[in-house]
């Protein structure tokens, strides 16, 4: 759904990250209408950042770019001048780096007491792993996600098909924290420093399993709980054409509909019978193997049996539900041309087709700094010194 007035209209975000959860957070904030200024290094320091391909992060639609040398006095002063007119700063340096650069939270507060600084790191600003490097898989591992997921044929935890930690544990975690901080600021008039740990975010996602263990000592394992495949009515099944179906018939009436649709009414009264699980799963497996995937979807989907197809990416692009929701759009990139991409599917986001797309290799530094009062002579001086680009 979209709104006439962007929910974050008037909010300016300075993003110091180039890839990962912090950039995902900026991407989502832009789709809610925030003005995102991506602050990167000048060309001589460009190797400190990864340059993503043009299509990455939705082609940076709705974002602008400024190149500043934050290690120089002039570059740091220019950045702080931007901070004075901004609402949020997002950074993903290791703990302590922003303070060494002179742009830590106290330095930002000195020029703008209302600023919200969101520091997004793998393990947070404190603790014995604070300085550790890591990526999505590492955070899923330490957060318990991989242990409770399915197993491969060799018994190894299955690799996830999406960057769950970076996206939900980090990116959306940061978005939620930023929006909460902005709401609080509306009451207090004060900003805050948010310590967003991706690993903490994964732990939060795993709270249902962790809380069960804390409550009764039951250790979660793959296929331990009803949401991880303990019962036959919450599992994956192969159809006759090799396609796969996801079954999630938790409620008794949905389970009854599933049994009836599969011709397995003999199991309708034994949903939680642990002694019946193996035989029930065998019957369900045989039933699903008798028809092609899409026939089962057409039969059981509308029958309230909680059955859907396992779609690959080309299939989901053609999916009638996503198409009806306007989930995809096209943008015109200044150098890469027309790029098809996921639109802005989250509730309350703006029409992605209306957001401008810029080439991140062609920065808007002069325009951005001029808007906060940096004069033409000062811009020329900074550029001559190699402080901006």
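For segment 252-281, enumerate the residues that are part of a loop (DSSP other than H, G, I, E, B) and without any contact (Cβ under 8 Å) to a residue 24 or more places away in the chain. Lay out the reasoning, then the answer.
If we filter segment 252-281 for residues that are part of a loop (DSSP other than H, G, I, E, B), which is where we start, we get 263-264, 268-273.
Passing the criteria: 264, 268, 269, 270, 273.
Yes/no per residue for (1) buried (at least 16 other Cβ atoms within 10 Å of the Cβ); (2) in the same structural domain as residue 264 (by TED's automatic domain parsing); (3) in contact with a helix residue (DSSP H, G or I) (Cβ under 7 Å, 6 or more places away or on another chain):
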| site | (1), (2), (3) |
| --- | --- |
| 281 | yes, yes, no |
| 284 | yes, yes, yes |
| 287 | yes, yes, yes |
| 294 | no, yes, no |
| 299 | no, yes, yes |
| 302 | no, yes, no |
| 305 | yes, yes, yes |
| 311 | yes, yes, no |
| 315 | no, yes, no |
Using the structure shown, decide if residue 335 is closer than 26 Å to residue 30 by Cα and part of a loop (DSSP other than H, G, I, E, B).
yes
For residue 104, are the conditions met, namely being touching a helix residue (DSSP H, G or I) at 6+ places or on another chain (Cβ under 6 Å) and without any contact (Cβ under 8 Å) to a residue 24 or more places away in the chain?
yes
Which one is farthest from residue 195 (Cα to Cα), of the residues in segment 108-120 that are out of contact with any helix residue (DSSP H, G or I) (no Cβ under 7 Å at 6 or more places or on another chain) and buried (at least 17 other Cβ atoms within 10 Å of the Cβ)?
109
Per the filter on segment 74-101, residues assigned to a helix (DSSP H, G or I), over 29 Å from residue 377 (Cα atoms) and in contact with a helix residue (DSSP H, G or I) (Cβ under 9 Å, 6 or more places away or on another chain) are 99
Only one residue in 150, 124 is in the same structural domain as residue 64 (by TED's automatic domain parsing) and surrounded by fewer than 16 Cβ atoms within 10 Å (Cβ to Cβ). Which one?
150
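Mind telling me which of the residues 164, 196 ends up being under 20 Å from residue 95 (Cα atoms) and crowded, with 17+ Cβ neighbours inside 10 Å? Lay out the reasoning, then the answer.
Numbers: 164 fails: under 20 Å from residue 95 (Cα atoms).
Only one candidate passes the filter, namely 196.
Looking at 80, 68, can you tell me which residue is modelled with pLDDT of 95 or more, more than 17 Å from residue 117 (Cα to Cα) and in the same structural domain as residue 123 (by TED's automatic domain parsing)? Let's see the steps before the verdict.
Numbers: 80 fails: more than 17 Å from residue 117 (Cα to Cα).
After ruling out the rest, the residue left standing is 68.
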List the residue pairs whose Cβ atoms are under 6 Å apart, where the first residue sits in segment 351-366 and is within 21 Å of residue 67 (Cβ to Cβ), the second is in a helix (DSSP H, G or I), and the two are 6 or more positions apart or on different chains.
357/59; 366/379
Among the residues of segment 148-161, are any modelled with pLDDT of 95 or more and touching a helix residue (DSSP H, G or I) at 6+ places or on another chain (Cβ under 6 Å)?
no
Go through segment 46-65 and report how many residues are more than 14 Å from residue 361 (Cα to Cα), surrounded by 15 or more Cβ atoms within 10 Å (Cβ to Cβ) and either modelled with pLDDT under 80 or in contact with a strand residue (DSSP E or B) (Cβ under 6 Å, 6 or more places away or on another chain) (or both).
2
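How about segment 149-161: which of its residues are within 19 Å of residue 209 (Cβ to Cβ) and either free of Cβ contacts under 8 Å to residues at least 60 places away in the same chain or more than 21 Å from the chain's Cα centre (by Cα) (or both)? Break it down stepwise before answering.
Here is the first cut: in segment 149-161, the residues within 19 Å of residue 209 (Cβ to Cβ) are 149-151, 157-158, 160.
Those that are within 19 Å of residue 209 (Cβ to Cβ) and either free of Cβ contacts under 8 Å to residues at least 60 places away in the same chain or more than 21 Å from the chain's Cα centre (by Cα) (or both): 150, 151, 157, 158, 160.
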Can you spot a residue in segment 345-363 that is over 26 Å from the mean Cα position of the chain (by Cα), in a helix (DSSP H, G or I), at negative phi and surrounded by 11 or more Cβ atoms within 10 Å (Cβ to Cβ)?
no
Selection from segment 282-323 of residues that are out of contact with any strand residue (DSSP E or B) (no Cβ under 9 Å at 6 or more places or on another chain), under 17 Å from residue 257 (Cβ atoms) and part of a loop (DSSP other than H, G, I, E, B)
291, 302, 303, 304
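The values are calculated or read from the model by the stated rules, or taken from the named source; none is laboratory data. Predicted, not measured: the structure shown is a model, and the values here were computed from it. Ideal geometry is used to build each Cβ from the backbone, glycine not excepted, and the neighbour counts take in all protein chains shown.
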